[in-house]
Structures are given as C-alpha cells and as structure tokens.
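To keep things clear, I will list the structure first and then write my remarks on it.
The values are calculated or read from the model by the stated rules, or taken from the named source; none is laboratory data. Just so it is clear, the model here is predicted, and its values are computed rather than measured. Cβ sites come from the backbone with ideal geometry, for glycine too, and all protein chains shown count toward neighbours.
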Amino acid sequence: MRALFSGVLVVLGLAPLAAPLLARDNGRYANSPLHEWFDSLRSARGPCCSDADGTAVSGADWDSKDGHYRVYLGGEWIDVPDEAVIKAPNLAGRTMVWPMYQDGKRPLIRCFIPGPMI
C-alpha cells in the first residue's frame, strides 16, 4: 500500500512537467519559451499544432526500424508516414506525435518528431 501511495505521489508530482508538452495552442502556453517553436512545427502533411493535440511519447511507445518510425497509440502500433516526420531539431527534447482521429477509426499521424529513446 505504501509503494502504491508513493507511486501516486510521483505521478502527481510529475504531471505539471508534462503539461507544457501538450502542443495545441489554446492560449494556455502563450508565455512558454517554446510557444513560437510549437507554432512553427509542420510536416509535409501540414501544420502540426493547428489541427491536432501533440502528445509526448515514452521510449517504450515508439521505435525505428530501417529508417521508418512507428508509435503505440490506442492499443496498437501505427506506422508513421515518412511525410509526417518533422526534420527540424527537437527543442522539446521528447518524442512527440500529433494524431488525428476521424470517424472513430485508427489515428492518422499528422506530425511526428523523434527524441531520445528513454
């Protein structure tokens, strides 16, 4: 029970650190030093933050093989289209994906930026 309580405290303590990694611009992060960078992100599929929420992805939920990426979303592995990969330096330092859901089907990847596999 004590270990569970400690785990909950750790998760709650880290939650505020994850909030700036949500990349949709609704004004909440207007003063963030990364605000302009997030707004500028785009893949060959279009602007990232204008149409989809960005989500940080842990190292266990993405991988690379033969120069292509995939992410684990909604209980399944989704291949990242090459045109969705952002080539710019990752200033956030975390792997991020911008999935778009249409008609309740599996997500389409709008943008993806790799980070370290941690």
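Numerical summary
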read-out: Of all residues making up region 55-74, the number that are under 13 Å from Ala84 (Cα atoms) and in contact (Cβ under 8 Å) with a residue 40 or more places away in the chain; value: 2
read-out: Tally of residues being surrounded by 15 or more Cβ atoms within 10 Å (Cβ to Cβ), among the aromatic types (Phe, Trp, Tyr) and closer than 22 Å to Asp39 by Cα across region 57-102; value: 1
read-out: Hits in region 29-51 (condition: on the phi > 0 side of the Ramachandran plot and modelled with pLDDT of 90 or more); value: none
read-out: Which listed residue is at pLDDT 80 or above and surrounded by fewer than 18 Cβ atoms within 10 Å (Cβ to Cβ), from Gly115, Gly54; value: Gly115
read-out: Subset of region 91-115 (residues that are in a strand (DSSP E or B) and farther than 20 Å from Ala44 by Cβ); value: none
read-out: Residue satisfying all of: in region 46-86; of a type in the set (Val, Ile, Thr) and within 21 Å of Gly104 (Cβ to Cβ); nearest to the chain's Cα centre (by Cα) among these; value: Thr55
read-out: Qualifying positions in region 60-90 - of a type outside the set (A, V, I, L, M) and within 16 Å of Arg42 (Cα to Cα); value: Pro81, Asp82, Glu83, Lys87, Pro89, Asn90
read-out: Selection status of Val57, among the β-branched types (Val, Ile, Thr), out of contact with any Phe, Trp or Tyr (no Cβ under 7 Å at 6 or more places or on another chain) and more than 14 Å from Leu41 (Cα to Cα); value: yes
read-out: Odd one out for Val8, checked against (1) more than 17 Å from Leu108 (Cβ to Cβ); (2) at pLDDT below 90; (3) surrounded by 13 or more Cβ atoms within 10 Å (Cβ to Cβ); value: (3)
